[in-house]
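Taken together, the values in this text are just the output of simple stated rules run on the coordinates, not laboratory data. These numbers come from a predicted model, not from an experiment. With ideal geometry, Cβ positions are generated from the backbone for all residues, glycine too; neighbour counts draw on all protein chains shown.
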Amino acid sequence: MNCGWPKPLSTSHTRIQNEHAMSTMHLIQQAYKDFQNGNTAHAERSLKDILTSQPKNFDALHILGVICAATGQRSEAVQLFGQALALDDKNVSLYYKLARVQFESDQFEAALRAYEKIIALGYVKPEILLAKAVTLLSLQRRREALECIEQTLAAWPDYADGWAHKGALLYQLQQHEEALVHFDRALALQPAMADGWYKKSLALDKLERYADALASLDRAIALAPKTAAYWLDRAVILHKLERYAESLSDNETGLALAPGNAEAWGDHGLTLSRMNRHQQALDSYQRAIGLQAGYADALSNQSLSQLVLGQFEAGWQSYEYRWKKGNADFPRHTEIPLWLGRQAIGGKRILLWSEQGLGDTIQFCRYAMLVAALGAEVVLEVDPALKTITQTMGNFQVIAIGEEFAPVDYQTPLMSLPLVFKTELATIPAPPSYFTADAGKKESWRKRQDFAGGKLKIGLVGSGNAGNTNDHRRSMPLQEFAPLLQLEGADFFLVQKDIRASDHAYVQQTPKLWVVAHDIADFDDTAAIIANLDLVISVDTSVAHLSGALGVPVWILLPWVPDWRWLLDREDSPWYPSARLFRQEQTGDWQGVIERVMSALNTFLSIPPKTSPNQSNYLTILKD
């Protein structure tokens, strides 16, 4: 009697099922081989066909997920791994693959949950704890990341990667000395760790131990010579050491390995500019910008090469990126509408505000007169030391930075005004002078220092603001002026306000160099001194700009790679009619510059004056 029980499967039916399963597994294995052999599309089709009829086939879900992860289809990979884990929620290997894909997709919270699941399943290994720490770090949970790494090192004290990762975390926390200790511990355990040597070099760079950083990079490169980052960072260190030819070579080696690296092309351009190869630098900047549109650092640096080459139209446009580059100054007065010449300004109040150095303010405040000529009511904001002297320019309000002012309609930073007025070389507003020294102070300084003698009165300046990033290139020891002080027929006055410690001994043993700047309060006093002189000989400092603005003859001594405003290959300045430029012919060669200055002074002193030293024949000769 049939009681309703199902009939037992026949032996032949079981065999068919087993053969079918074996056939499916064979297809999955073949699909994976296809993927490994580069036939990815065929592999995907085969696995998807299997999943159409067997949507819960664990192996097909797993392998297709692996293929999607490898080919950048991360969201599909996450979905497939999730479906597979629904069938086997204790599969540690699959959780690890899921966590990796989630991390690469910036799904850090989800990746963290996957790593914690692996640990909860009892798979507590150093590489898993380290991956969890890196994920915590990506979530800005630095303290927890550090605790996780320390947990790893407590259990596995000889785990080199753990020490290296702790060093990297301390580096991110700007604890560079401590990071260095941990990198050294990692490298003692595993000296063939190329990335450990590289990360050590980064910490040494931050500590300004550049020679040691180079040595670490050399070790990294010896272990992994095809790693572009190692060559590119070595180029950066060499650039900081001003070993530009070597830096350029390393940069080009790195670019050969990573030609699509925009930052590296920007560095290439910057190094070329330091070698006075500005046209080639522009080509490199263009490569960088082509790879990364709007790349502010490259655009800002490009502007300096464009301007020094006299390409003003393009240069002023690029110069606006100075506010967006990596180390940009923070602009003031952003709450006020910016004026770049598009709106009519007549009858409006506008704040023009200084930026960067004192020399920059002196050079560009001349544009305040042009803005006022458009009918605007100008408020000029400058450094307190420049307030009095800039008030001599025109009939507009001058305030010091920090002083209150009545509401205005617009604001413009001073160094954007050449863009507003579309300044070209031929249209630079360059009156013979635009500052005037206070007559009372001028007479007071004349009496105090006996400026009325018959000799030529020459002011000297060897250094300016020590905080300027270019100071070591543009400043020189006062002792370099020694040959000039042997000349008869001239008295020499040290005009710079601050005397560096390295110059004190020379000044004290050189009575022929009159020190007149001990009690200078502001640039009004400096202007009064300069107005009593026949000539100022200065390195590229604010005193050189002040002399030019006063219309006093000034000989400006320039490094081999000059600031953009002095252009290239010319002895005059379109910004200052009274200026004459003496350029280094090779890096650091102040001696050659002084020899040419001495020759020019000898020529001048051999010409008998027809009138007093301040009269026009002297001025013409001094400028020529």
| the range 422-530, Rg to Rh (Cα coordinates; Rh as Kirkwood inverse mean 1/r) | 1.02
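Relative contact order for the chain using alpha-carbon pairs under 8 Å, separation at least 6, rounded to a whole percent?
Working: 947 pairs, mean separation 42.5, N = 624.
Relative contact order, the chain: 7 percent.
Relative contact order, percent, of the range 26-242 when contacts are C-alpha pairs under 8 Å separated by at least 6 residues?
Details: 262 pairs, mean separation 18.5, N = 217.
Over the range 26-242, the number comes to 9 percent.
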| said: Nearest 10 degrees is fine. How inclined is helix 176-189 to the longest principal axis of the chain, computing both from alpha carbons? | reply: 40 degrees
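If a/c stays under 1.5 just call it rounded; otherwise compare a/b with b/c (prolate if a/b is bigger, oblate if not). Do that for the range 326-480, with a ≥ b ≥ c from the square roots of the Cα gyration tensor eigenvalues.
Working: a/c = 2.00, a/b = 1.53, b/c = 1.31.
Here the range 326-480 falls in the prolate category.
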| said: Using the Karplus curve 6.51 cos²θ - 1.76 cosθ + 1.60 with θ = phi - 60°, what ³J(HN,Hα) values do you get for each residue of the range 565-570, in whole Hz, with x for Gly and Pro? | reply: 5, 8, 6, 10, 6, 8
| request: Send over the Kirkwood Rh of the range 243-328, from the inverse of the averaged 1/r over different Cα pairs, rounded to one decimal Å. | output: 12.6 Å
| request: Have a look at the range 112-160 and give its Rg and Dmax from the Cα atoms, expressed in angstrom. | output: 10.2, 27
| request: Just flag the chymotrypsin sites (Phe, Trp or Tyr not before Pro) in the range 397-485 sitting in loop per DSSP whose Cβ has no more than 14 other Cβ atoms within 10 Å. | output: F405
| field | Angle in degrees between helix 58-70 and the longest Cα principal axis of the chain, rounded to the nearest 10 | value | 20 degrees
| task | Per residue of the range 333-340, in order, report the coupling 6.51 cos²θ - 1.76 cosθ + 1.60 (Karplus, θ = phi - 60°) as ³J(HN,Hα) in whole Hz, putting x for Gly and Pro. | result | 6, 5, 6, 9, x, 7, 10, 10
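Once the Cβ-Cβ distance between I119 and R500 is put in as r, and R0 is 60 Å, what FRET efficiency do you end up with, to the nearest 0.05? Walk me through the numbers on the way to the answer.
Values: r = 60 Å, r/R0 = 1.00.
Here the calculated transfer efficiency is 0.50.
Antiparallel DSSP bridges in the chain: what percent, to the nearest 5?
Values: 1 of 36 bridges.
Here the antiparallel bridges make up roughly 5 percent for the chain.
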| How big is the range 26-242 in terms of Cα radius of gyration and Dmax, in angstroms? | 20.9, 67
| message | Which one, W316, L180, L80, is farthest towards the positive end of the dipole of the chain when Lys and Arg carry +1 and Asp and Glu -1 on their Cβ? | response | L80
| With charges only on Cβ, +1 for K and R and -1 for D and E, what is the dipole size of the chain about its Cα centre, in debye, rounded to 20? | 840 debye
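Pairwise over distinct Cα atoms, reciprocal of the mean inverse distance: report the Kirkwood radius of the range 349-427 in Å, one decimal place.
Details: mean 1/r = 0.0794 Å⁻¹.
Kirkwood hydrodynamic radius for the range 349-427: 12.6 Å.
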| Where does helix 210-223 land angle-wise versus the long Cα axis of the chain, in degrees 0 to 90, nearest 10? | 30 degrees
| Descending semi-axes in whole angstrom, ellipsoid equivalent of the chain, from the Cα gyration tensor | 70, 28, 22
